[in-house]
Amino acid sequence: MRALFGDNHSTSRGIEMAQLPPKRIYFDSNILHGWPRMAYSLPWTIGLAHWMKAELFIPQTVEDELEGQFVRGGGEAIRQVHSAFKKLQNHSREVIDFQFDMPDEDEDGFTQSFRKRSQATKDQYKIITVPQPELPTKLLLEMAIKREAPFEEKSIGDKKFVTGLQDTAILFSILAHIKLVSPEDRCIFVSADGIFHSSELEPLLSGEAPKLEMYRSLNLLSEHLLEFVRGELRAEWDKESLDIEHALTTEKDAIAGQILPLLQLSDLGGRGTWKSVLHVTFMQIRDFRYVRTELPESGNIPPWSHYKRHEGEIVKISAVGSIDFKALTKAIDFFSAMLSAGQDYVPEPPKIEETSFFQSFNLSITGTVHEGKIGDFKVVSVEAVKY
């Protein structure tokens, strides 16, 4: 790797790197789920990083991968719309003449829209794209042939294949990029991909200075970043979060009214259920947990000032809401479906009944500062917690 990334630095580190705040943080595609929309807890983590003046980056290959996922997902969704409408037309032929302005599968439109929104999100959150360096083809081939991490051999049945080209491109772009900082500076890569946490990657990383540290999730990174938040800030921040939790609890009926229109019926009931939700008849919030606000700008928090918010400031809030439901559900009769396979069997009509269940949701909320208090809460997005 020396020929590709330059000579290694050697230095005596008087202070353990773990005691220093990170200088650079890089994100993998599996951490930026839903990009260029912001994932539920990402603004909070970014707020922590900005507070300690860490720089944030997305490798170009990661952004390209996210773009591909968005474009493919959009095309597939449109094809499903076309298919569903065709079924509706066939079903209602000569009875109801449905008219529908069918969207076109415009790959270029999806691409341009993604790039525009992605750039806007990066500008808003001060995230920079890391360019992809030229990679020697011979080196990549040698690594793939020898199955050197991030390359790895996988099997499906009796067929074997080698994966890892994208992971290798991402890793090499980061390793080349961190050469621009001091060897004492801490650099972190956040990825849920197991190959980046494998001991097989150590030979590639061991000689690099500064050393690239790996974190598996935003939660683990956030917990680490919190270690550097000063006592005064943590106390004020905790108090603000607790005050908001109490305010949300007081207004939970109004909050529930905002959540209900944002729910997707397909997300209700949890995984593994044999029932599909048709209509929600009752909904009540039990409580709010893990309430956190995005930190104020660095000029409004210790050590630069006392913790404060501006009048009229819009505060971004993340929380988990625990909700009780009653809903009309339709049982999915898998047993009858299996009996009917290959036989002249008429399954029983689906059973419709009211079912009670409990479920948790990640909530993105905004609040407005008025006379020193945060209120006027608006629910922005709702995402079912997946266990």
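The values are calculated or read from the model by the stated rules, or taken from the named source; none is laboratory data. Since this is a predicted model, take the numbers as computed values, not measurements. Because the Cβ atoms are built from the backbone with ideal geometry, glycine has one as well, and the counts that use them run over all protein chains shown.
Summary table
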read-out: Selection status of LEU48, in a strand (DSSP E or B), outside the structural domain of SER318 (by TED's automatic domain parsing) and among the aliphatic types (A, V, I, L, M); value: no
read-out: Members of the range 51-67 that are at pLDDT below 85 and assigned to a helix (DSSP H, G or I); value: TRP51
read-out: Lone unmet requirement of (1) under 25 Å from ILE374 (Cα atoms); (2) touching a residue at least 40 places away in the same chain (Cβ under 8 Å) for ASP253; value: (2)
read-out: Meets criteria (in contact with a helix residue (DSSP H, G or I) (Cβ under 7 Å, 6 or more places away or on another chain) and either outside any loop (DSSP other than H, G, I, E, B) or outside the structural domain of GLU353 (by TED's automatic domain parsing) (or both)) for ARG286; value: no
read-out: Test for ILE145: is it in the same structural domain as VAL181 (by TED's automatic domain parsing), more than 22 Å from the chain's Cα centre (by Cα), surrounded by fewer than 14 Cβ atoms within 10 Å (Cβ to Cβ) and modelled with pLDDT under 65; value: yes
read-out: Segments classed as helices (runs of 4 or more DSSP H), wholly inside the range 183-260, with at least 1 members that are within 20 Å of the chain's Cα centre (by Cα) and polar (S, T, N, Q); value: 218-226
read-out: Count - residues of the range 98-126 that are at pLDDT 75 or above and farther than 19 Å from GLN69 by Cα; value: 4
read-out: Subset tally (residues that are modelled with pLDDT under 85 and under 23 Å from THR168 (Cα atoms)) for the range 13-33; value: 1
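Here is a yes/no grid of residues against (1) at pLDDT 75 or above; (2) surrounded by fewer than 17 Cβ atoms within 10 Å (Cβ to Cβ); (3) in contact with a strand residue (DSSP E or B) (Cβ under 7 Å, 6 or more places away or on another chain):
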| position | (1), (2), (3) |
| --- | --- |
| GLY270 | no, yes, yes |
| LEU278 | yes, yes, yes |
| TYR290 | yes, yes, yes |
| PRO302 | no, no, no |
| GLU313 | yes, yes, yes |
| LYS326 | yes, yes, yes |
| TYR345 | no, yes, no |
